[in-house]
Amino acid sequence: MKRNIAIDILNQTPLEQQQIELVERKCLGHPDSIADGIAESISQALCRNYIDQVGGVLHHNTDQGEIVAGESQPAFGGGKILKPIFILLDGRATKEFNGEKIPAEPIALKAAKDYLRTILPELDFDRDVTMDVRLGTGSTDLRDVFKPEDGTIPRANDTSFGVSFAPFSEIETCVREISSYIDNTLRPKYPAYGQDIKIMGLRQGDAIKLTLCCAMVDRYISSLSEYVDYRSKLQEEATRIAKQCTKRSVEVSINTADCDKECSLFLTVTGTSAEMGDDGSVGRGNRANGLITPHRPMSMEATSGKNPINHIGKIYNLLSSDLAHECVKKVDGLSEIQVRLLSQIGMPIDQPLIASVQIIPETGITLNDIEKDVYEIIDYGLENITSITERVIKGELKTF
């Protein structure tokens with residue numbers, strides 16, 4: 001069956017040429033990102049266990065979860081947690097198959113703890129955090145939709161859509177690269193930089209302003225002057241990385257709410273604001289491409305934790321991003337592309353109700369010049385849509 005793929009021209013100024021652009025990223029230790037990461041780690045753990053125990057992935061959706069902030073008393077040289085962070089793990093999972101019991105809740109609890117140990121090494125699990133697991137079972141109709149016959153394409157669990165765009169703009173690239181640099185290069189050298197960082201970018205004309213809010217870990221900082229030095233070092237390093245991504249002017253500000261005179265600082269015991277004051281929820285942070293982009297098309301779906309077999313909120317958001325970047329990479333003459341995939345509940349996921357592609361061609365390029373190449377990439381991606389499932393289970397695709 002021929003797929004319903006519609007390709008047309010998007011009649012608007014490319015984002016890089018517009019006057020204003022905003023972009024945001026909530027890094028790994030932000031409470032919303034913690035919730036996303038836990039949800040996704042639970043889904044992946046369930047998938048692996050289902051495959052090992054019964055030979056295939058069973059119905060589940062762990063795209064729910066709450067981080068309830070605790071209370072802390074940070075201090076230079078090391079403070080203390082007064083009230084632990086509370087984490088609620090909820091959602092839906094299959095707990096029995098053909099009469100065989102499946103330990104879904106213990107699997108979820110272990111996956112959450114393993115993930116937290118990876119991203120928040122300063123947490124003391126005997127003291128700083130408590131968890132409760134409340135996994136229910138899915139509704140009968142959605143579990144029935146989930147069951148594909150052997151050799152057939154899974155059927156969509158919902159009438160929903162996924163959306164993405166390409167390429168990343170200069171300021172989007174700045175934000176992504178700064179986040180990656182802090183996580184992979186800077187923090188291993190300087191553990192005073194906590195995992196809870198929010199990066200907000202504004203481009204106004206050819207001027208880029210980046211505001212970073214970075215939790216500092218108190219046990220690695222002995223005084224106010226040392227805190228100020230770390231803040232200055234982060235400003236210097238973030239500016240350097242940003243200037244590798246753009247020739248526009250760059251201005252970086254760090255922890256602008258700090259009041260040095262009163263020693264009111266973003267100082268934490270564990271590296272996350274979840275220890276005091278900030279709660280988190282799955283789906284309230286980054287979109288599937290790792291960014292929050294109000295000047296771009298976005299879906300409100302929580303990608304993390306949804307099952308990777310037939311949940312459109314996960315599969316179509318990840319696939320649309322893949323397809324958009326693949327088109328930009330392989331098709332000459334594309335200035336910008338937006339991809340929207342709409343499903344219809346119960347229908348095969350490789351046959352969307354519509355695959356809408358809008359492009360802004362480069363000067364001198366017409367739709368006829370590139371339409372065929374774009375169509376083939378979109379069609380091939382939909383034909384091989386189940387590869388998304390495999391990559392998600394293996395942890396090859398990021399969902400936030």
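The values are calculated or read from the model by the stated rules, or taken from the named source; none is laboratory data. Not measured: the values here are computed from a predicted model. Reconstructed Cβ throughout: ideal geometry from the backbone, glycine too, with neighbour counts over all protein chains shown. We work out accessible area using only protein heavy atoms, side chains counted, and drop any ligands, DNA or RNA first. Shrake-Rupley method; radii C 1.70, N 1.55, O 1.52, S 1.80 Å.
Summary table below
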item: Relative contact order (%) - criterion: Cα under 8 Å, at least six apart; region: segment 312-380; result: 31 percent
item: Phe76 accessible area, 1.4 Å probe, all protein chains in place, Å² to nearest 10; result: 70 Å²
item: Antiparallel %, DSSP beta bridges [both residues in the chain], to 5; result: 70 percent
item: Cα gyration tensor category, rounded, prolate or oblate, for segment 20-74 with a/c compared to 1.5; result: oblate
item: Cα gyration tensor shape of segment 82-241, rounded if a/c is under 1.5, else prolate or oblate by comparing a/b with b/c; result: oblate
item: Under the span-like rule (Cα at least 20 Å along the axis, Kyte-Doolittle mean at least -1.0), DSSP H helices of the chain; result: 31-54, 104-119, 224-243, 312-330, 367-383
item: Given Lys113/Lys330; Lys209/Lys394; Lys110/Lys189, the pairs whose alpha carbons are separated by over 32 Å; result: Lys113/Lys330; Lys209/Lys394
item: Extension gain, Thr185 back to Lys101 (0.36 nm per residue minus Cα-Cα distance, nm); result: 25.9 nm
item: Among 2-9, 233-240, the order from most to least packed when residues are scored by Cβ within 10 Å on average; result: 233-240, 2-9
item: Residues of segment 56-91 with amide N under 15 Å of a point placed 7 Å along Cα→Cβ from Arg134; result: 63-68, 86-91
item: Estimated distance in nm for a label pair at Thr239 and Asp332, the labels positioned 7 Å out from Cα along Cα-to-Cβ; result: 4.1 nm
item: Full-stretch length increase - Thr159, Ser223 - with 0.36 nm per residue and alpha-carbon distance subtracted; result: 17.5 nm
item: Over the chain, relative contact order from alpha-carbon pairs under 8 Å, at least 6 apart, %; result: 28 percent
item: The chain: C-alpha gyration tensor shape, a/c 1.5 cut-off, then a/b vs b/c; result: oblate
item: Pair Arg248, Ser232: separation of 7 Å Cα→Cβ label points (nm); result: 2.9 nm
item: Greater than 32 Å apart at Cα, pairs in Lys2/Lys306; Lys80/Lys247; Lys80/Lys101; Lys2/Lys398; result: Lys80/Lys247; Lys80/Lys101
item: Alpha-carbon Debye profile of segment 43-103, log10 I(q)/I(0) at 0.22, 0.23, 0.28, 0.30 Å⁻¹; result: -0.86, -0.91, -1.13, -1.20
item: Relative contact order for segment 187-329, counting Cα pairs under 8 Å that sit 6 or more residues apart, in percent; result: 20 percent
